[in-house]
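One structure is given below, encoded as structure tokens.
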Amino acid sequence: MFQGKGALALAIGGALSLIAAGSVVADEPAKLVVNGEIEMVTETEAPAHLDAFDTIYSGWTFRTPETRMLQMDDFDNPAMVFVDQAAEAWDTVDGSEGKSCASCHGDVAEGMAGVRAVYPKWNEAAGKVRTLVQQVNDCRETRMGAEPWKYDGGKMVAMESLISVQSRGMPVNVAIDGPAQSTWEQGKDLYYTRFGQLELSCANCHENNYGTMIRADHLSQGQINGFPVYRLKNTKLNTAHARFKGCVRDTRAETFNPGSPEFVALELYVASRGNGLSVEAPSVRN
Amino acid sequence: MSAGLWLALAGGLLGATMAQAEGVVAPSDVVFEDGAVAVSLTGAPGNPENGPDIINKGSGNCIACHQVSALPDLAFQGEIGPPLDGVGDRWSEAQLRGIVANAKMMFDESMMPAFYKTEGFIRLGDEFTGKAHAGEVTPILTAEQVEDVVAYLLTLKD
């Protein structure tokens, strides 16, 4: 369980003490086990490439017991209704070629096991790093003859979640070397760039100040092993790129768009900072 | 365009220029010495009574990152920067002015945004819209607001 300087500060944080009381109760779920069977690694040794931390923590460890509990049973997880919708879409023929996802990949549980854990991933034919979303749209366009889905639209984020479910509990393991290295380096540069009028980088909040409160927000390490994330705040599934877009916007910067080369690179880099944590998607956060 | 409108425009420009000339230091003209700024940005003392409003959300939002025990009505006080209790004892007026205007001049790599700066940003946006900024850049706080908040901070004594 994450125990940062935030825990102490929370306890003395005036109005925050009510929230803090919840995060230190004795029966808080210390381990994330989903459906009583999928044991998640929410805290582990940082990957070798990451000098900033000794230990990496899933965003799950920063949330309240109530929010954590919602992710422990699929009947409680509000995201699963969208996963069910994507399961129907998986078997539904679409496009000029008369194919569904299942036509090539078969049962999603077999065909997609382990896929989420290694994306974003270098694609030799395309000659670039692709996100899982881009791969889905490539399938839709080139194999199914179907229209691509909006990058961070409802159908796509549900499908990304369905595919991610097939890797739940597996360690994130994106490759950062070989042909992916230059994209990874680009993502790393973006991570440390101080954007906008507020001149804030990802690292300012999520590397240098995780565990503390920035106004009412308890800063996490910004791990994306739980994405797509069901947020209680907007009651829908959210992609990592939509979260990136919002964060950069909030620095008073001209932000980047979901699916942009910049956010593809950033997703690869941020995912690599969580190599070793379990794929949790669809996770539940506030 | 009518002559009357021209006159009105010219008058407005003249007014703005005169206001600038009457002692307001433009963001790009601020002189830092060891991170401190000796001279009032408006040429006049600030009004500490305006401090709490500037410290709150929707303005300077200092409270997002700093705690101020004297302002218990401001909820969700942040923990990113040091508490501001007692800063009036720890820092001089010139140092506080410099830190508010551009903390990076005193603390290399400080996370604190520069509140009186208009140049040198990466991908500057139009406030919080996520769109590119166009036109003249205004600092996060006006010269008067900087002076007001500095005057307030000087009242925070241990």
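The values are calculated or read from the model by the stated rules, or taken from the named source; none is laboratory data. Predicted, not measured: the structure shown is a model, and the values here were computed from it. We place every Cβ from the backbone using ideal geometry, glycine too, and count neighbours over all the protein chains shown. Surface areas here come from the heavy atoms of the whole protein model, side chains and all, with no ligands, DNA or RNA. Shrake-Rupley method; radii C 1.70, N 1.55, O 1.52, S 1.80 Å.
Miscellaneous remarks
- B:D108 vs. criteria more than 14 Å from chain A (Cβ to nearest Cβ) and among the acidic types (D, E): no
- Some residue of segment A:72-89 being open to solvent by less than 20 Å² (accessible area, probe 1.4 Å) and more than 19 Å from the chain's Cα centre (by Cα): no
- Enumerated helices (runs of 4 or more DSSP H) restricted to segment A:118-198, each holding at least 3 residues that are over 17 Å from the mean Cα position of the chain (by Cα) and more than 18 Å from A:V108 (Cα to Cα): A:181-191
- Test set (1) within 14 Å of another protein chain (Cβ to nearest Cβ); (2) crowded, with 18+ Cβ neighbours inside 10 Å; (3) closer than 26 Å to A:M80 by Cα; (4) not polar (S, T, N, Q) - A:G222 fails condition number: (1)
- Any hit, segment B:58-65, residues being more than 14 Å from every other protein chain (Cβ to nearest Cβ) and assigned to a helix (DSSP H, G or I): no
- Taking segment A:206-244 as the range and being of a type outside the set (A, V, I, L, M), without any contact (Cβ under 8 Å) to a residue 40 or more places away in the chain and more than 21 Å from A:N275 (Cβ to Cβ) as the test, the residues that pass are A:N209, A:R215, A:D217, A:N234.
- Residue in segment A:86-100 that is assigned to a helix (DSSP H, G or I) and touching a strand residue (DSSP E or B) at 6+ places or on another chain (Cβ under 7 Å) present: no
- Unique residue being farther than 20 Å from A:F244 by Cα, of a type in the set (K, R) and open to solvent by 30 Å² or more (accessible area, probe 1.4 Å) when the list is A:R168, A:R140: A:R168
- A:N123 over 24 Å from A:R243 (Cα atoms), of a type in the set (S, T, N, Q) and open to solvent by less than 70 Å² (accessible area, probe 1.4 Å): yes
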